[in-house]
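The values are calculated or read from the model by the stated rules, or taken from the named source; none is laboratory data. The shown structure was predicted, so the numbers you read here are calculated from the model rather than taken from an experiment. Counting neighbours? That spans all protein chains shown, and the Cβs are built from the backbone with ideal geometry, glycine included.
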C-alpha cells in the first residue's frame, strides 16, 4: 500500500502551463484582426469584440499533433473544464466526455455535438476524419448553450469542417504508420516461483510442467495506419472539397482491430448574382470493429491463470485445459477465440440556403438527414461459455432536422445590432431487434448460423421502436455600443413529445454582458495591454435525455407464454409506475470571467468562474406498495450543484524569425455536490436510499460480501469512497495477516452501510490540468502534451485480490504477495490510494521540408510521434488513468480490468500539391 503525497508539488510546478482559450487563438496576427474574425457561436455568428459569453475556439494550428483516432482527441487537454476519457484499447470510441462535470444522475451528461450545423451525439464523431476539421468552438456556460435549449445542458461542441477555396484544384495527402507495443503489465508469479511458493506453503495443485506468462501470450504488436486524401478548389462563385479517409488499427491484444472508412464532401455556389448562397454537405463512415467481449474476465484470467499450464490446446482433448476450482476465470487463450464484432454505417446530408433579402437582412433555410445502422455479432465458444452462445442485433436510427432562421445585422454609428429568430423541427426514429441462441453442438459456424443453437431464451429475443420529436423556437439579440459594452439575450422554448400534456414546453432564457475595457479611451496609454474584457452571464438549459420516448405513458410488456387450450398465447404486464407529471431537468448557470492580452498578445490570460444548479433532476425513487403498483417511481425531485474556476494561460516568451517558443496551459478547479434526492409527490414523501452503491468489486472472494466501494450520498460529491477503516495488518496466528478493521461507532465491528464505514475521499478529481509546450527552430518543430488530475483517490481492487494468499493455488498472485502474506480480502481503505498524476501524453518532432523550384509539390512535412511517454504518480497499480469522470460501475475502482500499458511510435507524412 502506498500513501505518498508528493504529487501535490507536481501540481504547483505545472500549474503555470495551460492551453489556449478563445482570447488566445490568433495571437500571431494583429490584435484587430483577431477581434474582427468571424466565429460560429451556436446558431449565430459573431466576433471576439461582440462576444459576451464563455466560448473557446481551437483551430487546426492548436490541435494536438499525435496520431488521432477520434476527433475529440485533437482537443484533449486544450480546453479548461473539458474531460475526455479515451478507450483503453486505442479504438475510435470514447468512453465519456464531460464538460464542467456530471450534472445529471440518469443520462444526458455528454455534450451536444454539431458538425456543420448537423446535430448529433458522440457516435457521429467517428464519421469525421480528424484532418478534415478546420476548427472546434466550445460553448460552456448557459448564456450561450441556452441557444440549444433542452440539448445544451452539458455544453456544446461545434465542429466546422474544411471547405474549398478559390483557385485551381489542389490535392492534400496526410498519412501515418505506427507500431504499438506493451511495455508494462502486472508482475505475477512465474511458473517457477508459483511452484516454489506452493511448496513452501504446503499447497497442492495440478502442475503441467510449463512456465507460461499468459499476459504476454494474449498480447501482440499492433500495426496502425491512417490515410486521408482531399481534393479542393473553386472560383469566385463556387467552391468544393472532397476527401476520403481510411484508418486501420490493431490493438495490443490479439484479435482486436478496427477499420474505418470516412468520406466528406462540401460544396457551395452563389446563385442569381449573389442573391442566394447554396451550401451542400455530405459525410459518412463505415466502421468494422472486433473487440474483447469482457475486459475484466480476459485480464483477470490472463493474470491469475495457473502459469504451469501450456500455451497450446491439449492434444488429447483438442481443447483448452481449465482449472475447475477457479470458477471466476477461464484459460485466457480460450477468450481469444471469442468473436465479438460490430459494424456501423453512418450517413449524413445537409443543405443550407441563404437568401440576402436586404443588405443586413438574411433568411436562412437549413435541413439535414442522418442515418445510422449498427449491427452487433457475437459468438462465445464452448471453451468459455457452457454449450456456446450466439447473439445478433441490429440498431437503426434516423434523424430529420429542419430550421428557418432570420438574421439582421446592422452597424449604425457606435451601435451594433445582431438579431436572430429561429424555428426548428426535429424528428427522430429509433428501432432495432436482437436474438440469442444457445446450446451449440459445434463452434464452426458461430453467429453466422443461429439455427445451430438448439435453444432461444425468452429474454434473449426482443425489438423496439421509438419516434420522438422536438419543436423549438429561438430569439437572440446581441447589442454592442462603441465596441465597449456588449449585451446578449437568448430565449429558447422547446416542446418534446417525451413529456405529458402539462409539461411538454420548456423555456430556457439567458443573458450575458461584457465590458471591453481595453477599448476605453483611458486605456490607450497602456500600450502593452492589447485586450482586457470582463464578462458575466446567467442562463437556463434543459435536459430530456434521462427519459425514454414513452416514459410518461402507461405501458405493458410481454412477460411469458401461457397455454389457452391447445394454443400458446403471450401474456402482458404493466411496465412501471406511470408519472404523467415528468418534466424537464433544468440547469441554471452563473458564469463570470475576464480575458487579458498583453505585449502583442504574447501573454494571454483567461479566468472563468461558474456555478450551476440542476433542479427537477430525474431519478428513480423508492415508493411504498400500495398505493403504487411497483416500489420505484421516476420523478423530478433531485438537485445537484457544480461549481469551479478555470484558468487558461498562453505565453510566447521567445519569438524570432528562426525560433519560437509557446507555452499554453489550463487548470480547472471543480466541485460537485448532490443536494437532494427526496421530496413530495402527490402528497406522499418519496426518497432515494441513503446510501446507493455506484461501483464495487467482482471476482473470487467478493460475491456475497461487502464489496461496494463508491457510493452516491446526499450532501457529498457524486462518487465518494464509503469504506471501513483499516488500522493496519494483524497476525492471524497461522503465519498470515489480516486487515484490522476499526470499530468507528463503538458498537462492535459491523460492515453494513451506515455502520462502521466513513467517507474516505472522492473518485472525481478536484483539479484538472492540461498543457502544451511547443518550440520551433527554423523548419523543425517539437510539441509536448502534458495532462494531469489531482484531488481524487483510486481504489486498488486489483491489489486487494492479487495480494490475497488465500486465493493461491487456484489463482495466481502478485510477486510481492508471498512476502506480505496477507490472507484476507475484506474491502477496507487499506488499498485506497492517492490518484494524483501528471501524464506525458505525447511528444512530436516535425520537419517542414523547404521546397524550391518544384512544379507540383507545394508542401512537404515529416513527423515522428511517441505517445504515452510516461506518468508521474504515487499510485501502485498499473496506471492511475482509469475512469474518474463517468458515474458507472467502474468509477474510481481499478478492479482487474485495466489494459496493459502500451506505447505507440508513429511516423507521418503530409503532402500538398
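Scanning the stretch 829-851 for residues being in a strand (DSSP E or B) and under 17 Å from residue 909 (Cα atoms) gives a total of 6. What about residue 521, is it touching a strand residue (DSSP E or B) at 6+ places or on another chain (Cβ under 8 Å) and either buried (at least 19 other Cβ atoms within 10 Å of the Cβ) or at pLDDT 90 or above (or both)? Criteria not met by residue 521. Considering 720, 749, 730, the condition of being surrounded by fewer than 20 Cβ atoms within 10 Å (Cβ to Cβ) and at pLDDT 95 or above is satisfied by 730 alone. Residue 610 passes every criterion in (1) over 30 Å from residue 149 (Cα atoms); (2) surrounded by 19 or more Cβ atoms within 10 Å (Cβ to Cβ); (3) out of contact with any helix residue (DSSP H, G or I) (no Cβ under 8 Å at 6 or more places or on another chain) apart from (1).
Scanning the stretch 215-251 for residues that are surrounded by 19 or more Cβ atoms within 10 Å (Cβ to Cβ) and closer than 30 Å to residue 335 by Cα returns 215, 218, 219, 222, 224, 226, 247, 249, 250, 251. The condition of being surrounded by fewer than 22 Cβ atoms within 10 Å (Cβ to Cβ), touching a strand residue (DSSP E or B) at 6+ places or on another chain (Cβ under 6 Å) and either at pLDDT 85 or above or assigned to a helix (DSSP H, G or I) (or both) holds for only one of 540, 532, that being 532. Of all residues in the stretch 414-441, those satisfying the criterion of being within 30 Å of residue 520 (Cα to Cα), in a strand (DSSP E or B) and in contact (Cβ under 8 Å) with a residue 60 or more places away in the chain are 415, 416, 417, 418, 420. Against the test of being without any contact (Cβ under 8 Å) to a residue 40 or more places away in the chain and touching a strand residue (DSSP E or B) at 6+ places or on another chain (Cβ under 8 Å), the options 771, 731 yield a single qualifying residue, 731. Put simply, of 636, 622, 631 the only residue that is at pLDDT below 95 and crowded, with 16+ Cβ neighbours inside 10 Å is 636. Within the stretch 484-507, being surrounded by fewer than 16 Cβ atoms within 10 Å (Cβ to Cβ) and not in a strand (DSSP E or B) holds for 500, 501, 502. Of all residues in the stretch 680-691, those that are assigned to a strand (DSSP E or B) and surrounded by fewer than 16 Cβ atoms within 10 Å (Cβ to Cβ) total 4. The combined condition, being more than 30 Å from residue 654 (Cα to Cα), surrounded by fewer than 21 Cβ atoms within 10 Å (Cβ to Cβ) and either touching a strand residue (DSSP E or B) at 6+ places or on another chain (Cβ under 8 Å) or touching a residue at least 12 places away in the same chain (Cβ under 8 Å) (or both), is fulfilled by residue 573.
The set of residues in the stretch 693-728 that are out of contact with any helix residue (DSSP H, G or I) (no Cβ under 6 Å at 6 or more places or on another chain), in a strand (DSSP E or B) and closer than 22 Å to residue 893 by Cβ comprises 693, 694, 695, 696, 708, 709, 710, 711, 712, 720, 721, 722.
Of all residues in the stretch 327-355, exactly one satisfies the criterion of being touching a helix residue (DSSP H, G or I) at 6+ places or on another chain (Cβ under 6 Å), buried (at least 21 other Cβ atoms within 10 Å of the Cβ) and in a strand (DSSP E or B), namely 346. Residues in the stretch 291-309 that are out of contact with any strand residue (DSSP E or B) (no Cβ under 8 Å at 6 or more places or on another chain) and in a loop (DSSP other than H, G, I, E, B) were compared, and the one that is modelled with the lowest pLDDT is 294.
Yes or no, residue by residue, for (1) more than 30 Å from residue 642 (Cβ to Cβ); (2) in a loop (DSSP other than H, G, I, E, B):
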| residue | (1), (2) |
| --- | --- |
| 739 | yes, no |
| 743 | yes, yes |
| 747 | yes, yes |
| 751 | yes, yes |
| 765 | no, yes |
| 771 | no, no |
| 775 | yes, no |
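Given the condition touching a residue at least 24 places away in the same chain (Cβ under 8 Å) and within 27 Å of residue 174 (Cα to Cα), answer yes or no: does some residue in the stretch 193-215 qualify? No, because not a single residue in the stretch 193-215 is touching a residue at least 24 places away in the same chain (Cβ under 8 Å) and within 27 Å of residue 174 (Cα to Cα). Out of the residues in the stretch 852-875 meeting the condition of being in contact with a strand residue (DSSP E or B) (Cβ under 6 Å, 6 or more places away or on another chain) and in a loop (DSSP other than H, G, I, E, B), tell me which one is surrounded by the most Cβ atoms within 10 Å (Cβ to Cβ). If we take residues in the stretch 852-875 being in contact with a strand residue (DSSP E or B) (Cβ under 6 Å, 6 or more places away or on another chain) and in a loop (DSSP other than H, G, I, E, B), then 875 is surrounded by the most Cβ atoms within 10 Å (Cβ to Cβ). With respect to the conditions (1) farther than 30 Å from residue 274 by Cβ; (2) modelled with pLDDT of 95 or more, residue 369 falls short on a single one, namely (1).
For (1) assigned to a loop (DSSP other than H, G, I, E, B); (2) modelled with pLDDT under 95; (3) assigned by TED's automatic domain parsing to the domain that holds residue 42; (4) in contact with a strand residue (DSSP E or B) (Cβ under 7 Å, 6 or more places away or on another chain), each residue gets a yes or a no:
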| site | (1), (2), (3), (4) |
| --- | --- |
| 154 | yes, yes, yes, yes |
| 158 | no, yes, yes, yes |
| 173 | no, no, no, yes |
| 194 | no, no, no, no |
| 197 | no, no, no, no |
| 204 | yes, yes, no, no |
| 216 | no, no, no, no |
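Against the numbered list (1) without any contact (Cβ under 8 Å) to a residue 60 or more places away in the chain; (2) in contact with a helix residue (DSSP H, G or I) (Cβ under 7 Å, 6 or more places away or on another chain), residue 373 comes up short only at (2).
Checked against (1) surrounded by fewer than 16 Cβ atoms within 10 Å (Cβ to Cβ); (2) closer than 30 Å to residue 201 by Cβ; (3) in contact with a helix residue (DSSP H, G or I) (Cβ under 9 Å, 6 or more places away or on another chain), residue 804 meets all criteria but (1). If only residues of the stretch 237-272 that are in contact with a strand residue (DSSP E or B) (Cβ under 8 Å, 6 or more places away or on another chain) and not in a strand (DSSP E or B) are counted, the one that is nearest to residue 291 (Cα to Cα) is 256.
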